[in-house]
Amino acid sequence: MKLDKPKVAVWEPPFIQPHKVGAINKFGHRGAKENVSADVFGVPVDDLVDQYGSPLFVTSESQLRSNVRKIRRVFERRYNNVVHGWSYKTNYISAVCRILHQEGSRAEVVSAFEYEKARALGVPGNCIIFNGPNKGKAILERAVADGAYVQVDHMDELKLIDLVAAQQNRIVKLGIRINFDTGFTEAWSRFGFNLESGQANEAVKYISQSPHLILTGIHSHIGTFILEPRAYAEQVKIMCRLMRDLEGVRNVNIDSLDIGGGFPSRNALQRMYLPPEQAVPDINEYADAVCDALIEETRYLQLSGKPLPRLIIESGRSVVDDAQMLITSIVGTKRLPDGRRAAILDAGTNLLFTAYWYNHQVRMTREPGGVYEDTVLYGPLCMNIDVVRHTIQLPPLFAGDRLVISPVGAYNNTQWLQFIEYRPNVVLVHEDGNVSVIRRAEDLSVMMAQDEMPLHLTYLAMNENAGPGRSLADRAGWR
């Protein structure tokens, strides 16, 4: 008979830890021992780290395809003219974008860089939705020539598009971004033309007087990580009423309504009381709110036999966030002066920028042993603000232990910083279980590739002697 190997008790030297009044202490808190996984997306963590290093971003092709199919399906079941624009700023790694374009998503871009990347990935101009407040003349000239769908952010941009259209002798169909108060979320008044102040009407008037411009769409984006589906219902109602007014007063034919994105993922916002499983509504609730309002507000079109507007959604976070995880290793541990445990990771806010507003889920990759305690997880940077988790209940940790942080797919591969540390490999787990690198880790050659050395400084790199009879090291006092 095979006997189980006896468990070895974990010993720590004694310490004094103050307990705050009302807080759960180590005697009244059970650690989440079920929160342990030795693999990510079906691939053993140890195998991934052995081959690709740590830290390591791991992306799931199956999860990406499943997520975007679900979002399209839940909206298309309720409304039969839906377009999904993949938000490049959420995650613009080429393989991620290509997967979503294969699934039929258009490219939603907000800069010249993102526009050029979409075209380089083979996306036709007429399948690009061009948003953002900074569109220079050169990229507008290309977008207009390509037939991209430009959504205007401000009056100066509108006049620039008019000039480009005149110079190319084209008639450009475009949309305008508007902002307004839904009563549910703080208005994002920075972007677009304000509706209540009359800015939106001024923009429409300008377009109607130009021989080169035609208004065909209305766009708004009311915020991000919105937990109240009724906010979208109110957004749609306001947009539809504006559409009806424009069609009646200015003889405008609006063929698309773009409601942006902002749908949350199952991530945990800091200061969110309930866990995400309870606080974040299912995507079906958002689809119900949007489509019910849209159908009701466009009933007049149905009765007259006119086509209903195309519904454009630009979801990014809800597509990619849970399709990527981050493997990180512990490089050291310590006790803080207040008695709390602390661990230093090889991945910090340089890679996990969203740690500034999420309490990311952290999983062990081995069975825990010892008492769970309040623990701080620091990154490797020489910055006091490099904190991955300010507080989390974990068992004793040791150098070499590996943790899995998730979901991390949204905004981390686009907002990560080249600061102090190299950025690591990003790999993709294929649908058949194979793994490949989709972004190579940086090294010194990458980091120095863009540097230029003025001619008068080159001798420091070429000549060891910095003075008569003295080496550079001697002169600098290094020896």
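The values are calculated or read from the model by the stated rules, or taken from the named source; none is laboratory data. Since we're looking at a predicted model, the values are computed, not measured. Glycine also receives a Cβ, built like all others from the backbone with ideal geometry; neighbour counts cover every protein chain displayed.
Just need a number here: residues in the stretch 345-371 that are surrounded by fewer than 18 Cβ atoms within 10 Å (Cβ to Cβ) and over 24 Å from N91 (Cβ atoms).
Total satisfying the criteria: 5.
When you check R77 against the structure, is it buried (at least 18 other Cβ atoms within 10 Å of the Cβ) and among the charged types (D, E, K, R), yes or no?
On the way: buried (at least 18 other Cβ atoms within 10 Å of the Cβ): no; among the charged types (D, E, K, R): yes.
For R77, the condition - buried (at least 18 other Cβ atoms within 10 Å of the Cβ) and among the charged types (D, E, K, R) - is not met.
Considering the stretch 170-199 alone, what residues qualify as being polar (S, T, N, Q) and assigned to a loop (DSSP other than H, G, I, E, B)?
Here is the first cut: in the stretch 170-199, the ones polar (S, T, N, Q) are 179, 182, 185, 189, 194, 197, 199.
Selection gives T182, T185, S189, S197.
Picking from V172, V150, V204, which residue would you name as being touching a Lys or Arg at 6+ places or on another chain (Cβ under 7 Å) and over 15 Å from G260 (Cβ atoms)?
Values: V172 fails: touching a Lys or Arg at 6+ places or on another chain (Cβ under 7 Å); V150 fails: touching a Lys or Arg at 6+ places or on another chain (Cβ under 7 Å).
Unique residue meeting the criteria: V204.
Looking at (1) in the same structural domain as G260 (by TED's automatic domain parsing); (2) touching a residue at least 12 places away in the same chain (Cβ under 8 Å); (3) among the polar types (S, T, N, Q), find the lone condition where S304 falls short.
Exception for S304: condition (2).
Out of I392, I420, report the one residue that is in a loop (DSSP other than H, G, I, E, B) and of a type in the set (V, I, T). Break it down stepwise before answering.
On the way: I392 fails: in a loop (DSSP other than H, G, I, E, B).
Testing whether each residue is in a loop (DSSP other than H, G, I, E, B) and of a type in the set (V, I, T) leaves just I420.
If I filter the stretch 95-126 down to residues being assigned to a helix (DSSP H, G or I) and of a type in the set (V, I, T), which single residue comes out as surrounded by the most Cβ atoms within 10 Å (Cβ to Cβ)? Write out each step before concluding.
Of the stretch 95-126, the ones assigned to a helix (DSSP H, G or I) are 95-102, 112-120, 125-126.
Restricting the remaining residues to those that are of a type in the set (V, I, T) gives 96, 99.
On the way: V96: 26, I99: 24.
Ranking the qualifying residues of the stretch 95-126, first place goes to V96.
Of all residues in the stretch 232-259, how many are surrounded by fewer than 19 Cβ atoms within 10 Å (Cβ to Cβ) and assigned to a helix (DSSP H, G or I)?
7
Which pairs do you get when a residue that is free of Cβ contacts under 8 Å to residues at least 24 places away in the same chain, found in the stretch 207-231, comes within reach of a residue that is of a type in the set (D, E, K, R), reach meaning Cβ atoms under 6 angstrom, with the pair 6+ apart or on two chains?
Pairs that qualify, where the first residue is free of Cβ contacts under 8 Å to residues at least 24 places away in the same chain and the partner is of a type in the set (D, E, K, R): there are none.
Of the residues M462, M453, only one is at pLDDT below 80 and of a type in the set (A, V, I, L, M); which?
M462
Any idea how many residues of the stretch 395-417 are closer than 21 Å to A268 by Cα and part of a strand (DSSP E or B)?
Count: 4.
For residues that are modelled with pLDDT of 90 or more and of a type in the set (S, T, Y), scanning just the stretch 219-275, find the one that is farthest from the chain's Cα centre (by Cα).
The selected residue is S256.
Kindly indicate whether any position in the stretch 216-230 is assigned to a helix (DSSP H, G or I) and assigned by TED's automatic domain parsing to the domain that holds A287.
Of all residues in the stretch 216-230, those assigned to a helix (DSSP H, G or I) come to 229-230.
This time we only want the ones that are assigned by TED's automatic domain parsing to the domain that holds A287, so: 229-230.
Yes: the stretch 216-230 contains one or more residues that are assigned to a helix (DSSP H, G or I) and assigned by TED's automatic domain parsing to the domain that holds A287.
If I ask for residues that are within 22 Å of the chain's Cα centre (by Cα) and among the hydroxyl-bearing types (S, T, Y), which ones from the stretch 276-325 would you list?
Y286, S315, S318, listed by residue number.
Only one of I129, I71 is in contact (Cβ under 8 Å) with a residue 12 or more places away in the chain, in a helix (DSSP H, G or I) and of a type in the set (V, I, T). Can you tell me which?
Details: I129 fails: in a helix (DSSP H, G or I).
It is I71.
Of a type in the set (D, E, K, R), more than 26 Å from V152 (Cβ to Cβ) and in contact with a strand residue (DSSP E or B) (Cβ under 9 Å, 6 or more places away or on another chain): is that true of D322 in this structure?
Details: of a type in the set (D, E, K, R): yes; more than 26 Å from V152 (Cβ to Cβ): yes; in contact with a strand residue (DSSP E or B) (Cβ under 9 Å, 6 or more places away or on another chain): yes.
So D322 passes the test.
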